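Here is the structure we will look at, set down as structure tokens.
The values are calculated or read from the model by the stated rules, or taken from the named source; none is laboratory data. All of these numbers come straight from a predicted model, not from anything done at the bench. Ideal geometry is used to build each Cβ from the backbone, glycine not excepted, and the neighbour counts take in all protein chains shown. Surface accessibility is based on the protein's heavy atoms, side chains included, excluding ligands, DNA and RNA. Shrake-Rupley method; radii C 1.70, N 1.55, O 1.52, S 1.80 Å.
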Amino acid sequence: MKEECLICEAPLEYLETDEIMECMVCHKKEKSKTRCVKGHYVCNDCHTAGIDALIGLCLKEGSDNPVAIMDNMMGQSFCHMHGPEHHVMVGMALLTAYKNAGGDIDLNQALIEMMNRGKSVPGGVCGFWGACGAGISAGMFVSIISKSTPLAVEPFGFSNLMTSKALGEIGRVGGPRCCKRDSYLSILAAIDFVKEHFGVEMEKPEIICGFSTKNNQCIKKRCPFSKENHDI
């Protein structure tokens with residue numbers, strides 16, 4: 001129906017155990033559970049090629065609406081329907097909106113840190129780790145703004161609470177995967193969390209998804225952002 005494999009557009013398959021895969025783009029070999037049914041594999045680095053441009057995009061952004069910022073990111077040429085790029089973009093959208101809403105951070109440094117952390121979360125973790133990368137990204141965002149470390153007290157708690165709240169929303173809706181839906185759920189959870197615990201209020205808009213026709217696994221009316229659930 002729509003994109004799956006970035007090489008041939010065939011459906012993806014998920015294996016029970018890791019196998020050594022060779023990236024069809026850069027020819028790097030690494031372990032993965034994911035490939036298309038024709039055997040093609042694209043590594044996380046190649047899947048997110050071009051994502052570094054988001055730092056400049058965010059630094060030019062004046063909005064305190066993380067959903068609008070996320071939508072702009074998802075409209076970039078490097079962003080696919082699904083993929084590990086969302087593990088970076090959720091946190092970056094939140095950092096940018098937080099700064100523009102009055103949050104006290106060095107945005108440039110925060111974005112670089114978010115890029116480094118988010119890119120370490122591989123694709124497919126939503127199904128294999130029991131922790132969607134979009135939700136983890138929201139937790140990374142709070143970890144960055146609170147300067148959390150493994151030895152921190154309150155920031156440690158905040159960052160883990162944020163991840164748990166985002167994952168809770170994602171888990172309540174259930175699968176199959178949708179990187180757009182899980183990104184939106186994580187961002188909305190973060191907006192409420194930051195208002196309560198940090199006193200910074202980012203804009204919280206109503207979300208109506210425009211990606212349904214691009215998602216082979218769309219859950220339609222079960223998705224809280226489905227057009228079917230809104231009077232439009």
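Using the Kirkwood formula over every pair of different C-alpha atoms, what hydrodynamic radius in Å results for the chain? Across the chain, the inverse of the average 1/r is 18.0 Å.
For the chain, the carbon plus sulfur part of the accessible surface works out to 50%, probe radius 1.4 Å.
Against the chain, whose longest principal axis is taken from its Cα atoms, helix 179-198 shows a tilt of about 20°.
In terms of the mean number of neighbouring beta-carbon atoms within 10 Å, the peptides 160-170, 131-141 order highest first as 131-141, 160-170. Which of the three applies to region 1-96, rounded, prolate or oblate, going by the alpha-carbon gyration tensor with a ≥ b ≥ c and a/c under 1.5 meaning rounded? Prolate, since a/c reaches 1.5 and a/b exceeds b/c. What the phi angles of region 74-89 give under the Karplus curve with 6.51, -1.76 and 1.60, with θ = phi - 60°, is a coupling list of 5, x, 6, 5, 7, 8, 9, 4, 10, x, x, 4, 5, 5, 8, 5 Hz, glycine and proline written as x. Its DSSP H runs of at least 4 residues, each contributing -39,500 (n - 2.57), put the calculated 222 nm mean residue ellipticity of the chain at -14000 deg cm²/dmol, to the nearest 500. A dipole drawn for region 151-210 from +1 and -1 charges on Cβ atoms has a positive end, and of 208, 152, 193 the residue lying farthest that way is 208. For residue 112 and residue 160, the difference between the fully extended length at 0.36 nm per residue and the C-alpha to C-alpha distance is 15.2 nm. Does region 193-232 come out rounded, prolate or oblate, given a ≥ b ≥ c as the square roots of the eigenvalues of its C-alpha gyration tensor, rounded meaning a/c under 1.5 and, failing that, prolate meaning a/b above b/c? It comes out prolate by the Cα gyration axes.
Karplus-based coupling profile of region 153-167, in residue order and whole Hz: 9, 5, x, 4, x, 4, 5, 6, 4, 4, 4, 5, 5, 5, 5, with θ = phi - 60° in 6.51 cos²θ - 1.76 cosθ + 1.60 and x standing for Gly or Pro. Charging the Cβ of each Asp and Glu at -1 and of each Lys and Arg at +1, and nothing else, the dipole of region 68-204 about its Cα centre rounds to 360 debye. For region 54-71, backbone phi angles converted through the Karplus equation (6.51, -1.76, 1.60; θ = phi - 60°) give residue-by-residue couplings of 5, 4, x, 4, 5, 5, 8, 7, x, 7, 9, 9, x, 5, 4, 5, 5, 4 Hz, Gly and Pro being listed as x. Residue separation of residue 18 and residue 53 scaled by 0.36 nm, minus their Cα-Cα distance, works out to 9.5 nm of gained length. Can you tell me the relative contact order of the chain? Whole percent, Cα pairs under 8 Å, sequence separation 6 or more. Here the relative contact order equals 17 percent. The charge dipole of region 1-77, taken about its Cα centre with unit charges on the Cβ of Lys, Arg, Asp and Glu (plus for the first two, minus for the last two), comes to roughly 180 debye. Placing +1 on each Lys and Arg Cβ and -1 on each Asp and Glu Cβ, with no other charges, gives the chain a dipole about its Cα centre of roughly 480 debye. If you take the alpha carbon atoms of region 141-232 and fit the smallest convex hull around them, that volume is 106 Å³ per residue.
Around the amide H of residue 13, modelled in the peptide plane, lie the amide H atoms of 35, 36, 37, all under 5 Å away and 5 or more residues distant in sequence or on another chain.
Rounded to whole Å, give me the distance from the Cα center of region 138-153 to that of region 28-49. Distance between centres, Cα-based: 31 Å.
Relative to the current alpha-carbon distance between residue 206 and residue 128, full extension at 0.36 nm per residue lengthens the span by 25.0 nm.
Heavy-atom accessible surface of the chain, averaged per residue, reaches 48 Å², computed with a 1.4 Å probe. Indicate the gyration tensor shape class of region 76-161 (rounded, prolate or oblate), computed on the Cα atoms with a ≥ b ≥ c the square roots of the eigenvalues: a/c under 1.5 is rounded; otherwise a/b larger than b/c is prolate and the rest oblate. It is oblate, given that a/c is not under 1.5 and a/b is not larger than b/c. Placing R0 at 25 angstrom, the Cβ-Cβ distance between residue 197 and residue 149 gives a FRET efficiency of 0.90 after rounding to 0.05. Take the Cα of residue 217, go 7 Å toward its beta carbon, and the backbone nitrogen atoms of region 114-128 under 12 Å from that spot belong to 124-128.
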